[in-house]
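Structure first, then comments.
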Ligand SMILES: Cc1cc2nc3c(=O)[nH]c(=O)nc-3n(C[C@H](O)[C@H](O)[C@H](O)COP(=O)(O)OP(=O)(O)OC[C@H]3O[C@@H](n4cnc5c(N)ncnc54)[C@H](O)[C@@H]3O)c2cc1C
């Protein structure tokens, strides 16, 4: 029997597996494709999220020139952005798994049974693995975790190409976090959910350009995103000369929290860890895995404790009441972003990026305390346009019960 069984070999599975191995636990993994795995997603992150962990060496590219185009302004963000080298990121976690002599099994978790002293996961291929605690890190559609149903899931969707172009689609050595300029769209198209360009110069005349819908329910389709990207490039007289990689990005932003009473713990997309207002998660995986692993290591020391008790401690660390309060505020933010029309959305972002950099950075990384987060939101409210303020007030009134819960704890 293992101390912990990790389901999934995506970023979340490897992050938590490495942290559990660091704690000296006897860990096993189960995934349809055991690592090393080729991850095709392009994972970006702000460099200052990696600096405190001394992990900037995991990046393949860095950009000092980071900008946003919103509300007829080009805003210099003054913050360095990076792109992970997926092999380095994976090796960083796998080396620690290897040091812990972790074993990966090939298979698909299909069923879970709990006993007094262990949980047992079985696969259709007939594998049965037992552990004191199971960590479901099988992504946004988890294999084992249960969560309440929701009929209003918002998705981030994007269609992107890595390739060469007839002329540079963005400035040399630039990273564009969001370009909401929409002069290439007809007035009817501008009434549809807004999308923006996320783009980076990868060097050697190669660029990554991605048309992105921050969040919408239902998701903006890949067809619409592709058409919009093509229109945007054509408007700038840029033709695609060579496609090296196409990215189809689709993931939920506001999955309800899994039920925290279950005897299995989740991590990553499975545990609703995606930042509901930005869609980022890799930074959170790196920051949060050690704390969750420590709690699990501590809990399994008590040999008589059943999986339910170990899971309860881990859930309390991952989703403490303070983390849940902050999540409520982020969800409030997300609802507003989806309700705004294109102009209001752009005005909102212009105000957001004019906040002190330390505030908007920490808001996006989820490293503010609840009072600091409220302060940041009030700051924005005080400095934004009448239109945005009016919309925020309307939302605050309709969501007053929810916000009251945050304020009174
Ligand atoms: C295209 C794209 C780009 C993104 N870009 C960024 C970014 O730039 N920065 C950022 O921070 N976030 C980004 N995200 C968001 C988020 O970080 C990713 O979705 C991330 O991959 C989620 O990690 P995960 O490990 O939870 O899930 P996944 O990466 O989906 O991994 C799940 C793992 O579980 C395995 N699995 C599934 N079912 C089973 C089963 N039944 N049994 C066993 N194993 C199973 C899968 O094979 C896989 O190994 C992006 C997402 C996408 C889709």
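Brief remarks follow.
- Residue 139 meets the stated requirement of being on the phi > 0 side of the Ramachandran plot and touching a helix residue (DSSP H, G or I) at 6+ places or on another chain (Cβ under 9 Å).
- Verdict on residue 324 being in a helix (DSSP H, G or I) and at negative phi: yes
- Here residue 142 does not qualify as in the same structural domain as residue 33 (by TED's automatic domain parsing) and more than 29 Å from the chain's Cα centre (by Cα).
- Hits in region 22-67 (condition: within 11 Å of the ligand (Cβ to nearest atom), under 20 Å from residue 2 (Cα atoms) and not in a loop (DSSP other than H, G, I, E, B)): 29, 30, 31
- Breaking point among (1) within 21 Å of the chain's Cα centre (by Cα); (2) crowded, with 18+ Cβ neighbours inside 10 Å; (3) more than 13 Å from the ligand (Cβ to nearest atom), for residue 91: (2)
- For residue 44: the one exception among (1) at pLDDT 95 or above; (2) surrounded by fewer than 19 Cβ atoms within 10 Å (Cβ to Cβ): (2)
Here's the yes/no breakdown for (1) buried (at least 20 other Cβ atoms within 10 Å of the Cβ); (2) touching a helix residue (DSSP H, G or I) at 6+ places or on another chain (Cβ under 6 Å); (3) more than 26 Å from residue 133 (Cβ to Cβ):
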position	(1), (2), (3)
292	yes, yes, no
310	yes, yes, no
318	yes, yes, no
328	no, yes, yes
385	no, yes, yes
390	no, no, yes
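- Which listed residue, of 226, 239, is within 15 Å of the ligand (Cβ to nearest atom), outside the structural domain of residue 332 (by TED's automatic domain parsing) and more than 28 Å from residue 89 (Cα to Cα): 226
- Test: residue 12 is touching a helix residue (DSSP H, G or I) at 6+ places or on another chain (Cβ under 8 Å), within 11 Å of the ligand (Cβ to nearest atom) and assigned to a helix (DSSP H, G or I): yes
- Unique residue being closer than 30 Å to residue 297 by Cβ and touching a strand residue (DSSP E or B) at 6+ places or on another chain (Cβ under 8 Å) when the list is 55, 50: 50
Residues are listed down the side, and each one gets a yes or a no for (1) in a loop (DSSP other than H, G, I, E, B); (2) more than 9 Å from the chain's Cα centre (by Cα); (3) surrounded by 20 or more Cβ atoms within 10 Å (Cβ to Cβ); (4) away from the ligand (no atom under 11 Å from the Cβ):
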residue	(1), (2), (3), (4)
230	no, yes, no, yes
254	yes, yes, yes, yes
257	yes, yes, no, yes
262	yes, yes, yes, yes
276	yes, no, yes, yes
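The values are calculated or read from the model by the stated rules, or taken from the named source; none is laboratory data. Source: prediction; values computed, not measured. When we count neighbours, we look across all protein chains shown, and the Cβ atoms used for this are built from the backbone with ideal geometry, even at glycine.
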